[in-house]
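One structure below.
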Amino acid sequence: MKEPAIDNKELILALEELEKEKGIKKEYLLESIETALVTAYKRNFDSLENVKVQMDKKTGVTHVYALKEVVKRVSDKETQINIKEAQKINPDYKEGDMVEFEIVPRDFGRIAAQTAKQVIIQKLREAEREIIFTEFNDRKGEIVSGLIQKADKNIVVMDLGKLEGVMPSKEQIPTEHYHVNDKIKGYVLDVEKGAKGAPHVIVSRSHPDFVRKLLEFEIPEIYEGVIEIKSVSRDPGYRSKVAVYSPDPNIDPVGSCVGQKGVRIQNVINELHGEKIDVIEWNEDPSIYIAASLLPAQILAVDIKEEEKFAQVIVPDDQLSLAIGKSGQNARLAARLTNWKIDIKSETQFRDMLKKVQSEETSEQNAE
């Protein structure tokens, strides 16, 4: 029996230690090292042979085998062996079988040691990346803080400590300006693996749930579940609407969120650099809820069509522009908040509409 190419008990001990500390299976590392050694052999010895490398799981003894296919006529001496020659080794060999010849390549011990080290380093990096990926993947929906490393109109890159946070332009607040070395907060939208396997966090400041989480952080009653945020709609940088509810009749959910003299809500507004936040009370009655969602406008009446989730809202003439809002913002946010289609008309518009309908009905009756 030929001497093995490598005898490395220390390697096995190191792999066992890695399994305990990092949770990387020894068998997985051995398989990875064996695969890498095949490539290293072919590269270093400029070989066209088919080779197999096997490492003993207990001792680290490494064997290298040249593999040759049993054929009737040999066309490639590197990879084939004549059936008669094969049967001299073992009479049971038949065409198509593979014959293994153990070889001891010169200086392969050094190459194998280097290769094993490289594989271990690579797998350790992969394991660390996987641990970090899992850690941050579990933090989806949370708020993180970091220093800005890069900032332009297309992307903001944040240093989150263990990895990078990336905030694409669509996740940025359009009214904000970002600068290198500024410390900012962001909402963990997703965690992705980059081209080389390194994870990075997709961070958002424009997502409605960023407002939800900021409120949860500032208002203990929300964090404790005493007050529930039912819905959030948002025009990032300009205005948000938040619907809150408490099953406890002794708790004022809106007052608790706003705080004395608006102190609690002001902290969130400051974080959002002046974005206005309307806090309204959720109600299971859609008419009451929709009326509240259009605050600060005063509402005269709400007529709903349940099946169509459509609401006709009537407001005083002087409240129409306030109810609709600049560029339709107030009405749009209310519709998103309630998930109802909302049509707003002034008192005069509604009366004119009724007169028109009555006139048409009278004309139809006279025609009959």
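Each reported figure results from applying straightforward, stated rules to the coordinates on display, with no laboratory input. Since the structure is predicted, the reported quantities are computational estimates derived from the model, not experimental observations. Glycine gets a Cβ as well: all are built from the backbone with ideal geometry, and neighbour counts include every protein chain shown.
Over region 166-220, what number does the Rg to Rh ratio reach, with both radii from the alpha-carbon atoms and Rh per Kirkwood?
Numbers: Rg = 12.9 Å, Rh = 12.6 Å.
When Rh is taken as the Kirkwood radius, the ratio is 1.02.
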Rg ratio (alpha-carbon, reference 2.2 N^0.38 Å) - the chain: 1.71
Subset of Lys261/Lys341; Lys213/Lys309; Lys230/Lys309 violating a 26 Å alpha-carbon distance limit: Lys261/Lys341; Lys213/Lys309
Net charge over other residues, Cβ less than 13 angstrom from the Cβ of Val74 (K, R count +1; D, E count -1): 0
Gyration tensor (alpha-carbon) shape descriptor, region 9-135, a/c threshold 1.5: prolate
Simple spin-label estimate for Gln260 and Val226 in nanometres, 7 Å along Cα-Cβ: 1.5
Relative contact order for the chain, counting Cα pairs under 8 Å that sit 6 or more residues apart, in percent: 9
Glu16 paired with Lys140, simple spin-label distance in nm, labels 7 Å along Cα-to-beta-carbon: 4.0
Sum of side-chain charges, Tyr187 neighbourhood, beta-carbon under 11 Å (Lys, Arg +1; Asp, Glu -1): +2
Sorted largest first, extent of region 53-196 alpha carbons per principal axis (Å): 82, 32, 26
Calculated FRET efficiency for the pair Val74/Leu124, C-beta based, R₀ 51 Å, to 0.05: 0.70
Where a label projected 7 Å from the Cα of Gln54 along Cα→Cβ would reach, residues of region 11-28 with amide N under 14 Å: none
Per residue convex hull volume, Cα atoms of region 288-368, in Å³: 99
Spin-label model distance (nm) - Lys88 vs Lys341, 7 Å beyond Cα toward Cβ: 9.0
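Which whole-number percentage describes the relative contact order of region 66-221, with Cα contacts under 8 Å and a sequence gap of 6 or more? Write out the running numbers ahead of the final one.
Working: 230 pairs, mean separation 26.6, N = 156.
Over region 66-221, the number comes to 17 percent.
Counting helices only, and only those DSSP H runs with n ≥ 4, report the 222 nm mean residue ellipticity of the chain as the sum of -39,500 (n - 2.57) divided by its residues, in deg cm²/dmol to the nearest 500. Let's see the in-between values first.
Values: 12 runs with 144 residues, N = 368.
So the helix-based figure for the chain works out to -12000 deg cm²/dmol.
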Shape category assigned to region 131-232 from the gyration tensor of Cα positions, a/c cut at 1.5: oblate
Part-to-part distance (alpha-carbon centres) for region 215-257 and region 108-187, which is given in Å: 32
More than 19 angstrom apart: percent of Cα pairs within region 180-301: 53
Within-15-Å neighbourhood charge of Ile304 [Cβ basis; K, R +1; D, E -1]: -3
